[in-house]
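Before any comments, here is the structure.
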Amino acid sequence: MLTTRDNLFYFIYLHRTGLTVLALGVVLVAWPVMESNPYNLGLSNLIAIYAIVVLGLNLFIGYAGQISLGHAAFFAIGAYGSAIGTVTLGGPAWPVMMAVALVAALIALAVGLPALKLSGHYLAMATLGFNIVVYTILVQWDAVTGGPSGFAGIPYLTIGSVVFDNEIHFHYLVWTFAMVALLLCLNLVRSGVGRGLAALAEDETAAAALGVDTRRAKVKVFILSAVLASVAGSLFAHCYAFVSPDSFNIFVSVDFVIMVVVGGMGSIWGTLFGTALITLLPEWIEALESFKDIIHGLILVMILLFLPQGLVTGIVDAVRTRIALNRHA
């Protein structure tokens, strides 16, 4: 007969995902009260923006089993699209953001249909080339993008009379988007579509034999990841009221991939950890800021060598193995 304690543990285990999301939500609501430093709030807001991109990228890498070194390009499309749509064209911010996300989806479709016929490092090079093309356009098309000097004067987002013009207000907005993206990804990977993607990541041939339309699945998840990156880019532009090409170069794309690998490919929760770690790392080693790209590269190599499943996933698996061995002993 089960005791009250057993029932409680079973309830927690059964609803562990929902309870974890709820606990995270409570912490995020209270965070501006606990942390009054605007700089630290700004860092947490940046983590949320990057997390939206990396959650989508993790679906593409960890679940579809593909690789992209060009997601900073979709991040840039969202940022510059919102900037041009609101400042140059004078459109309202929220409709412009949605229109830009649709444009990003169409571009992802146009890029994905031919590029996703490739695989492995060939696909990585194709997406890297796309990122270079977008970056070059941002730098060279001065009349539209502002060129190397960047694009300034982007308006803050508003909802009714609330203007998201400070770190506290923007915290609640951007983390709401991040939590929606998190819930979307958690539900997706637990659905039939997610199981099909997981099969695709393990063995594309076997997945096709089981009835998974592998090409369509890869294109769909690529489009979804591009839309999430575009939304994050729009939030980035309206948060800082300024964008420049340096925020969207190939090294940013590489950082996004590192965030996925550090958190664990195929680990949605690990994505948040990987994003936070790589975003905060330059703050912890400020004296080594000039060597940031080298340090990030070393972290990637070390994790791939010793914890190829990712830092979070590797630690969790090691703990589970140790507990199982202790129980057996």
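Laboratory data are not the source of any read-out in this text; all were calculated from the coordinates shown. All of these numbers come straight from a predicted model, not from anything done at the bench. Glycine gets a Cβ as well: all are built from the backbone with ideal geometry, and neighbour counts include every protein chain shown.
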Exercise for the section: Would you look at the GNM of the chain, springs on alpha carbons closer than 10 Å, and say which of 248, 74, 306 moves the most? Expected result: 306
Practice task
Would you look at the GNM of the chain, springs on alpha carbons closer than 10 Å, and say which of 313, 20, 86 moves the most?
Solution key: 20
Exercise for the section: Compute the signed sum of charges (Lys and Arg +1, Asp and Glu -1) over the other residues within less than 15 Å, Cβ to Cβ, of residue 173. Expected result: -2
Handout entry: In order through the range 21-32: 3J(HN,Hα) via Karplus (6.51 cos²θ - 1.76 cosθ + 1.60), integer Hz, x for Gly, Pro
Key = 4, 5, 4, 4, x, 4, 4, 5, 5, 7, 4, x
Handout entry: In degrees, nearest ten, helix 292-306 long axis to first principal axis of the chain (Cα)
Key = 20
Exercise for the section: With a point put 7 Å past each Cα toward its Cβ, work out how far residue 122 is from residue 162 in nm, to one decimal. Expected result: 4.9
Exercise for the section: Collect residues whose amide H, placed 1.01 Å from N in the peptide plane, falls under 5 Å from the amide H of residue 91; neighbours closer than 5 in sequence don't count. Expected result: 86
Completion exercise
Exposure-ranked with fewest Cβ neighbours within 10 Å first, 36, 68 stand as 36, 68
Completion exercise
If one compares the long axis through the Cα atoms of helix 93-115 with the longest principal axis of the Cα atoms of the chain, the angle in degrees, nearest 10, works out at 70
Handout entry: Potential extension, residue 285-residue 316 segment - 0.36 nm per residue separation minus Cα distance
Key = 8.5 nm
Practice task
Could you list 144, 219 in order of exposure, starting from the residue whose Cβ has the fewest other Cβ atoms within 10 Å?
Solution key: 144, 219
Completion exercise
From fewest to most C-beta neighbours within 10 Å, the residues 31, 269, 175, 284 line up as 284, 31, 269, 175
Exercise for the section: Identify which of 231, 54, 26 has the largest mean-square fluctuation in a Gaussian network model of the chain, with springs joining Cα atoms closer than 10 Å. Expected result: 26
Problem - Angle between the chain longest axis and helix 120-140 axis [Cα atoms, degrees, rounded to 10] - result: 30
Handout entry: If the convex hull is drawn through the Cα atoms of the chain, its volume per residue in Å³
Key = 179
Practice task
Give a residue-ordered list of calculated ³J(HN,Hα) values for the range 192-198 (Karplus: 6.51 cos²θ - 1.76 cosθ + 1.60, θ = phi - 60°; whole Hz; x for Gly, Pro).
Solution key: x, 4, x, 5, x, 5, 4
Practice task
Report the longest stretch of the chain that contains none of the trypsin sites (Lys or Arg not before Pro) sitting in a DSSP loop with at most 14 other Cβ atoms within 10 Å.
Solution key: 191-329
